[in-house]
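Structure record follows, encoded as structure tokens.
No lab work stands behind these numbers, since they all come straight from the coordinates. Bear in mind the structure is a predicted one, so any value in this text is a computation, not a measurement. We place every Cβ from the backbone using ideal geometry, glycine too, and count neighbours over all the protein chains shown.
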Amino acid sequence: MFWTFGFVQNSPTLITDFGFSHPCAFLVINCFMNVYSRLVQPIVGVVMNKMTRSLEFSADKYVDDERERGRESRGERGLPL
């Protein structure tokens, strides 16, 4: 995110490519949000989704393992799922 902002801030031609005559703080932030939301965010979104799913599956496996250990300690037999 910071790299993208630095890229937009240090490239005045990017601001003029959007059709503005000279860069100002508002235009830099506006162009940064356009570039970030269309180019960077989809990639970050996929990575975050993969990481979240991985953690969810790990939590589900942990719960299943703990439940099975509890059954074994009580001498019960669980039905296979």
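Just in the chain: which GluC sites (Glu not before Pro) are loop by DSSP and have at most 13 other Cβ atoms within 10 Å?
Passing sites in the chain are GLU76.
Nearest 500 deg cm²/dmol is fine: what mean residue ellipticity at 222 nm does the chain get from its DSSP H runs of n ≥ 4 alone, each adding -39,500 (n - 2.57), divided by its residue count?
Result for the chain, helices only: -24000 deg cm²/dmol.
Under a point-charge model restricted to the Cβ atoms of Lys and Arg (+1) and Asp and Glu (-1), what is the dipole moment magnitude of the chain relative to its Cα centre, in debye to the nearest 20?
Computed about the Cα centre, the dipole is about 60 debye.
Need the full-extension length gain, VAL40 to TRP3, defined as separation in residues times 0.36 nm minus the C-alpha distance. One decimal, nm.
Between VAL40 and TRP3, full extension yields an extra 12.3 nm.
Amide H of SER11: which non-local residues (sequence gap of 5 or more, or other chain) have their own amide H closer than 5 Å, using H built in the peptide plane?
Here the answer is none, since no amide H 5 or more places off falls under 5 Å of that of SER11.
Normalised by the number of residues in the range 1-46, what is the relative contact order in percent for Cα pairs under 8 Å and 6+ residues apart?
Normalised by residue count, the contact order of the range 1-46 is 40 percent.
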